[in-house]
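Below is one structure, written out as structure tokens; the observations come after it.
Taken together, the values in this text are just the output of simple stated rules run on the coordinates, not laboratory data. Computed from a predicted model, the values in this text were never measured in an experiment. Don't worry about glycine lacking a Cβ; one is built from the backbone with ideal geometry, like all the others, and counts go over all protein chains shown.
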Amino acid sequence: MLVEAVLQGADHELWGSRRWRGLAYQNGGFWRGLLDNWRPNYAAQPITMFASYGFLHGGFWHVSVNMITLASLGRPVIERVGQSRFAMIYALSLLGGAAGFAILSSAAQPMVGASGALFGLVGALTSWDVIDRRSAQVGLAPTLKVVGLLVLLNLVMYWAMAGRLAWEAHLGGFLAGCAAGWWLRDRAPMTR
């Protein structure tokens, strides 16, 4: 949020330069081409972009929606596994989002935003729901409905954003979050 606030101020000429956002994207966004033959701006860029992209956003509304989502998803994850495991799930999901984008995308523009990590939190919650439902020997239909709604949400957002949605990062983050949630789970069932 702080990075976006600084970039917003620069965008509105309150400080710095309007060029800051472009420079931030050039140096911190996830550029798929850097994994092929593009020349990086600095030697570590093809590695650091796997995390730095999550601290950049496409403007006020992008960061606002992500922060609201983080607030709503973060609480149940922290209540389930605590703050340190939450941070691990978030970080692994952020990396998973980058990996999903790296493997599945051919985009020439940079990918920015924390939504891969946020979908990872949903993935962790989903994996815990599956574990809890299997332990209670109840059906998985409600969980499958949630997954179906996530797919539908991505399709609608992809259409509404004219294809400028990094669904690959959402999928990678979700799968990483499922795995991280299973690996870092506690043994107590979730309360409903």
Considering only segment 138-150, I want to know if a residue exists there that is under 16 Å from residue 176 (Cα atoms) and in a helix (DSSP H, G or I). yes
Search result, residues across segment 28-45 that are buried (at least 17 other Cβ atoms within 10 Å of the Cβ) and part of a helix (DSSP H, G or I): 28, 32, 34, 45
Would you confirm, using the coordinates I've provided, whether residue 62 is closer than 17 Å to residue 114 by Cα and outside any helix (DSSP H, G or I)? no
Give segment 48-65 a look and list any residue that's of a type outside the set (Gly, Ala, Ser) and more than 13 Å from the chain's Cα centre (by Cα), or say none. 48, 49, 60, 61
Unmet requirement for residue 145, which otherwise passes all of (1) of a type in the set (Lys, Arg); (2) within 30 Å of residue 26 (Cβ to Cβ); (3) more than 17 Å from the chain's Cα centre (by Cα): (2)
